[in-house]
Amino acid sequence: MICNMKTIIKEAANSNYIVPGFNVFGYEDAIAVVRAAEELNKPSLLMINKLAADYMPIEYWGKLLRAIAEDAKVPISVHLDHCKNFDLIIRAIKSGFSSVMYDGSQLPIEENIKRTKEITKVAKVFDVSVEGEIGSVPYADIPGHAKDLLTKVDDAVRFTTETNVDWVAVAVGQVHRLQHTKSEINFDILKEIQNNISKPIVIHGGSGIKETDLIKMTKYKVGKINVGTSLRMAFGEELKHQVIKNPEEFDRIKLFSEPSKAVIEVTKKMFNILDSNN
Ligand code: G3H
Ligand code: ZN
């Protein structure tokens with residue numbers, strides 16, 4: 001069933017579990033995430049990032065992912081991740097996305113607040129949830145793409161109250177797209193932020209966070225964690241393996257079978273780590 005996750009993420013922030021949102025890049029990984037979610041009876045978000053939105057029109061993503069989410073046996077939302085473009089956000093809302101992230105993290109705080117506010121005003125009319133970011137989480141693979149800027153507690157408070165976002169993404173030491181190393185999370189800052197803001201916290205760069213830190217985060221007011229790279233790696237590595245193992249095979253439906261299973265496994269592992277009730 002499709003859902004805007006507002007209530008579910010709020011509940012998660014106040015419970016011992018966190019809702020993972022997964023970046024997907026096609027039908028195969030989207031359906032793999034939903035199968036994993038159904039098997040474990042967990043809610044989740046199918047998230048489209050800039051790479052995916054550049055690859056296929058947002059309207060096509062909306063139709064495809066909405067259909068998958070509507071048929072799912074668990075609550076699934078269709079989310080636009082890290083968007084800096086007002087028009088694309090409007091197109092996503094029109095295309096049936098259930099939540100959007102306006103990423104003003106590279107802007108001065110006044111501008112970030114002003115633009116995020118414009119998005120929340122429009123999105124609320126359509127019952128679409130909004131995520132904003134304060135502070136900035138850098139990228140391991142594209143230095144300079146985003147600043148490395150820990151969230152200041154006062155900024156988080158101001159941003160949350162003035163923008164009326166549903167979820168607040170913060171920078172507490174994470175790094176996007178880490179493949180083989182892990183980030184150092186500053187739990188003191190995370191604690192201070194959670195003690196001072198009333199909205200669920202979102203943590204980006206989930207692939208590069210230590211398992212022990214992810215488990216620790218379930219005790220904090222974190223409602224959502226974004227995970228991308230570990231799924232892309234699982235799919236891509238298994239696909240390479242399949243191509244080498246079956247040099248005569250040209251049918252991509254057959255070649256995609258094992259990589260899709262690899263995505264289900266990584267996704268299930270993440271769901272289990274993020275539920276301390278297990
Ligand atoms: O917004 C997407 C994420 O923050 C994913 O980060 O690719 O490091 O898991 P990741
Ligand atoms: Zn991110």
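The values are calculated or read from the model by the stated rules, or taken from the named source; none is laboratory data. Keep in mind it's a predicted model, so treat the numbers as computed, not measured. As a convention, Cβ positions derive from the backbone with ideal geometry for all residues, glycine included, and neighbour counts pool all protein chains shown.
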Does GLN194 fit the bill of being within 24 Å of PRO138 (Cβ to Cβ) and more than 15 Å from ligand 2 (Cβ to nearest atom)? yes
Can you spot a residue in the stretch 201-213 that is away from ligand 1 (no atom under 16 Å from the Cβ), at pLDDT 95 or above and under 20 Å from the mean Cα position of the chain (by Cα)? yes
Check whether at least one residue in the stretch 2-18 is under 14 Å from VAL227 (Cβ atoms) and of a type outside the set (Asp, Glu), and report yes or no. yes
What number of residues in the stretch 211-226 are in a loop (DSSP other than H, G, I, E, B) and surrounded by fewer than 16 Cβ atoms within 10 Å (Cβ to Cβ)? 1
I'm trying to understand the selection: among the residues of the stretch 28-59, which are hydroxyl-bearing (Ser, Thr, Tyr) and touching a residue at least 40 places away in the same chain (Cβ under 8 Å)? SER44
When residues of the stretch 16-44 are limited to those that are aromatic (Phe, Trp, Tyr) and over 24 Å from ASN277 (Cβ atoms), the one surrounded by the fewest Cβ atoms within 10 Å (Cβ to Cβ): TYR27
THR212 vs (1) farther than 24 Å from THR120 by Cβ; (2) in contact (Cβ under 8 Å) with a residue 40 or more places away in the chain: all pass except (2)
Within the stretch 81-106, tally of residues that are within 16 Å of ligand 2 (Cβ to nearest atom), surrounded by 16 or more Cβ atoms within 10 Å (Cβ to Cβ), assigned to a loop (DSSP other than H, G, I, E, B) and of a type outside the set (D, E, K, R): 2
For the stretch 182-190, check the following and say yes or no: at least one residue is within 12 Å of ligand 2 (Cβ to nearest atom) and either farther than 19 Å from GLU133 by Cα or crowded, with 24+ Cβ neighbours inside 10 Å (or both). no
Residue check for LYS221: under 27 Å from ASP103 (Cβ atoms) and either of a type in the set (Asp, Glu) or free of Cβ contacts under 8 Å to residues at least 60 places away in the same chain (or both): no
Would you be able to say whether some residue in the stretch 133-152 is touching a Pro at 6+ places or on another chain (Cβ under 9 Å), at negative phi, of a type in the set (A, V, I, L, M, F, W, C) and surrounded by fewer than 19 Cβ atoms within 10 Å (Cβ to Cβ)? yes
Would you mind finding the one in VAL170, VAL165 that is more than 22 Å from LEU51 (Cβ to Cβ), within 19 Å of the chain's Cα centre (by Cα) and within 12 Å of ligand 2 (Cβ to nearest atom)? VAL170
In this structure, is VAL74 within 15 Å of ligand 1 (Cβ to nearest atom), β-branched (Val, Ile, Thr) and in contact with a helix residue (DSSP H, G or I) (Cβ under 8 Å, 6 or more places away or on another chain)? no
Those residues of the stretch 124-153 which are of a type in the set (Val, Ile, Thr), part of a loop (DSSP other than H, G, I, E, B) and either over 12 Å from VAL100 (Cβ atoms) or modelled with pLDDT under 95 (or both), in sequence order: VAL137, ILE142, THR151
